[in-house]
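The values are calculated or read from the model by the stated rules, or taken from the named source; none is laboratory data. Fair warning: this is a prediction, and the values are worked out from it, not measured in the lab. For neighbour counting, all protein chains shown are included, and Cβ atoms are generated from backbone atoms with ideal geometry for every residue, glycine included. For the accessible areas, the whole protein counts, side chains as well, though only heavy atoms, and no ligand, DNA or RNA atoms are used. Shrake-Rupley method; radii C 1.70, N 1.55, O 1.52, S 1.80 Å.
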Amino acid sequence: MKRPAGLYLAYLFQFLIAANILIALSLGEYSQVFTGVIGLFLTLVPAIATRRWSITLPPWQVNLLIAFLLYLHVAGEIQGYYLLYYPYYDKIAHLIAGITVSVLAFAIVLLLDRFSRLNLTRWMIVGFIIITAMAMEGGFWEIYEWTFDTFLGTNLQHGLDDTMLDMIFVLIGSVIVALAGNRYLSRFSKEEIAERLVIPKEPPPAE
């Protein structure tokens, strides 16, 4: 079976993350090495989830989004793109983050609905997408940046306007995915979509 080109793009971004880790290591920037290693590990999470729980996220699309997002973050820190191209680089990264987290939230809520019998309506699912993205990227991420700036002396946040624009771009990304998800749910039932995310178990070998 031929692999889609998008999957090779995801591999490329994983390679670029690894290259940035080596650059940070050569410069003695060990905190950035740690950030890069965590980012590289997170790109492997979809494959780990597939093997461990017999689920499959929309394969190359999710892999590509996660790898691209984490490359943006790692390269932004190590190569200094966040400051060099501020504020545009930062806002694009938050837009991509909002889209990525929302796609993951869409898949996760459908799986939760399937396995726990929540019986969620379409609008509940759409709301979950937006709320999850705003909580993870608009809330926890900004708290993370504030914590590092306050206690470690970093310069991740650039005032209230910067924080609010970050949250607005995350919201835009989540709304885009929510609208697309709503349209998708109008064409296919949530059960049909969730079924595509579950790897069918192979029947036991005949005796």
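Conditions (1) touching a Leu at 6+ places or on another chain (Cβ under 8 Å); (2) closer than 24 Å to S31 by Cβ; (3) at pLDDT below 90; (4) open to solvent by less than 60 Å² (accessible area, probe 1.4 Å), marked per residue:
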| site | (1), (2), (3), (4) |
| --- | --- |
| F140 | no, yes, yes, no |
| T147 | no, yes, yes, yes |
| D161 | no, no, no, no |
| I172 | yes, no, no, no |
| V177 | no, no, no, yes |
| V198 | yes, no, yes, yes |
**OP:** Check T163 against each of (1) farther than 30 Å from L84 by Cα; (2) free of Cβ contacts under 8 Å to residues at least 24 places away in the same chain; (3) of a type outside the set (K, R) and name the one condition it does not meet.
**Re:** (1)
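Listed residues V62, V33; which is β-branched (V, I, T) and either farther than 26 Å from M134 by Cα or more than 16 Å from the chain's Cα centre (by Cα) (or both)?
Details: V62 fails: either farther than 26 Å from M134 by Cα or more than 16 Å from the chain's Cα centre (by Cα) (or both).
Answer to the check: V33.
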**OP:** Of all residues in the stretch 80-116, count the ones that are free of Cβ contacts under 8 Å to residues at least 12 places away in the same chain and either buried (at least 22 other Cβ atoms within 10 Å of the Cβ) or part of a loop (DSSP other than H, G, I, E, B) (or both).
**Re:** 2
Original post:
Hey, does the stretch 44-67 have a residue that's of a type in the set (G, A, S), over 21 Å from Y184 (Cβ atoms), assigned to a loop (DSSP other than H, G, I, E, B) and modelled with pLDDT of 90 or more?
Top reply: no
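Is it fair to say I168 is touching a Phe, Trp or Tyr at 6+ places or on another chain (Cβ under 8 Å) and assigned to a helix (DSSP H, G or I)? Lay out the reasoning, then the answer.
On the way: touching a Phe, Trp or Tyr at 6+ places or on another chain (Cβ under 8 Å): no; assigned to a helix (DSSP H, G or I): yes.
Here the answer is no, as I168 does not meet what is asked.
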